[in-house]
Every structure is written in structure tokens, then in C-alpha cells.
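The values are calculated or read from the model by the stated rules, or taken from the named source; none is laboratory data. Computed from a predicted structure; not experimentally measured. So basically every Cβ, Gly included, is an ideal-geometry build from the backbone, and we count neighbours across all protein chains shown. Accessible surface is based on the protein model in full, side chains and every heavy atom, while ligands, DNA and RNA are left aside. Shrake-Rupley method; radii C 1.70, N 1.55, O 1.52, S 1.80 Å.
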Amino acid sequence: MCEPELVSGYEILEHTADVGLRARGTTLEETFAHAVAGLADIMGIAGAGDGRPVAIEVDGDDLGALLVELLGEVLYVHEVHGGRVTGVRVESVEPGRVRASIELAPAGAGDEPEGTDVKAITYHQLAVERADGGWVAEVYVDV
């Protein structure tokens, strides 16, 4: 599992109406995991400790769509269950499908997220491509 608070495989990008995220990794799985950790950081829901695994499986026509669907599903899982993302594992990124899981720990009493309220994952300036012997993904979220 990738500990969201320890991950340095992503950076937050400035934008006038949205918040951008650039994730890097040596594999697509690592890149997508860093993107999930970055989303948790933006939302203020990245945490430490043990959580229960929540399986996520999404379909998409291309790598960009798969990333948007994955992040959208993480957003949905958080909206339904609340809590903190304490770990991320992307098991596989293959044509048309991503299989992943997040570790979700319950939030403590009065433990409100201190991040940005994310409304949706967008296709604005979306890119997933090979770079520097690995992968880079860029995606913007609507806040």
C-alpha cells in the first residue's frame, strides 16, 4: 500500500477555477496510486493508520478515462462512507479496466476534512502519457 501522507509522486497545480494534479510513477499502477493519494490530499482526507479495504473497479475507453473514472469512484466512496484514506493500491491498469483498493479509516469525532471540497473530476487538460522512463498523469478537479 502507498501511504498517502508520505507520497511525493504528485504535485498540486494552480488553476483559476479548478485544482490540478500531476502524478508521476514508474508504472501506470504507481502513477494512478499517486493520483489517488494526491486527490486525498487535496480533499484533506489523507490519513495514517489502519483502515478497511474498499475494492474499486472501473472501466474506461482510454487511459485518461480510466484515471477520471478511478478518481471519481474514490470521490464517490468517500461521499458515501466518509473517513480518511490511509492507503492506496492500484492492482492493475489494463486496456479498458482498472482494479484498485483504498484503505478507508473512520474519521474521529470532530475530525472534519481540512481540504478543498471536490465536486467532480474533469477532462479539462487531461493527459496520461509516458515520460522520463515512466508515466505522468495530469488531471483537474472541479472545486
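Numbers at a glance
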read-out	value
Residues within the stretch 52-64 that are more than 19 Å from Glu30 (Cβ to Cβ) and surrounded by 14 or more Cβ atoms within 10 Å (Cβ to Cβ), tallied	1
Those residues of the stretch 125-142 which are open to solvent by 60 Å² or more (accessible area, probe 1.4 Å), modelled with pLDDT of 90 or more and touching a strand residue (DSSP E or B) at 6+ places or on another chain (Cβ under 9 Å), in sequence order	Gln125, Glu129, Arg130
Within the stretch 26-39, tally of residues that are without any contact (Cβ under 8 Å) to a residue 60 or more places away in the chain and outside any helix (DSSP H, G or I)	0
Leu75 vs. criteria modelled with pLDDT of 95 or more, touching a helix residue (DSSP H, G or I) at 6+ places or on another chain (Cβ under 8 Å), open to solvent by less than 60 Å² (accessible area, probe 1.4 Å) and more than 22 Å from Asp117 (Cβ to Cβ)	no
Among (1) assigned to a strand (DSSP E or B); (2) under 19 Å from Asp142 (Cα atoms); (3) open to solvent by 10 Å² or more (accessible area, probe 1.4 Å), the one test that Ile42 misses	(1)
Any hit, the stretch 49-70, residues being of a type in the set (Asp, Glu) and closer than 11 Å to Ile121 by Cβ	yes
From the options Glu129, Glu114, Glu91, Glu103, residue that is in contact with a Lys or Arg (Cβ under 6 Å, 6 or more places away or on another chain) and not in a helix (DSSP H, G or I)	Glu91
Cross-chain or 6+ apart pairs with Cβ under 6 Å, the stretch 60-82 first and closer than 16 Å to Arg130 by Cα, then assigned to a loop (DSSP other than H, G, I, E, B)	Gly64/Leu126; Leu66/Gly60
First in the stretch 129-143 and within 17 Å of Ala33 (Cβ to Cβ), second anywhere and of a type in the set (Gly, Ala, Ser), Cβ under 6 Å, 6 or more apart	Gly134/Gly25; Trp135/Gly25; Ala137/Ala23; Ala137/Ala35; Glu138/Ala127
Candidate set: the stretch 83-118, residues that are free of Cβ contacts under 8 Å to residues at least 60 places away in the same chain and open to solvent by less than 20 Å² (accessible area, probe 1.4 Å); chosen: the one nearest to Ile56 (Cα to Cα)	Ser101
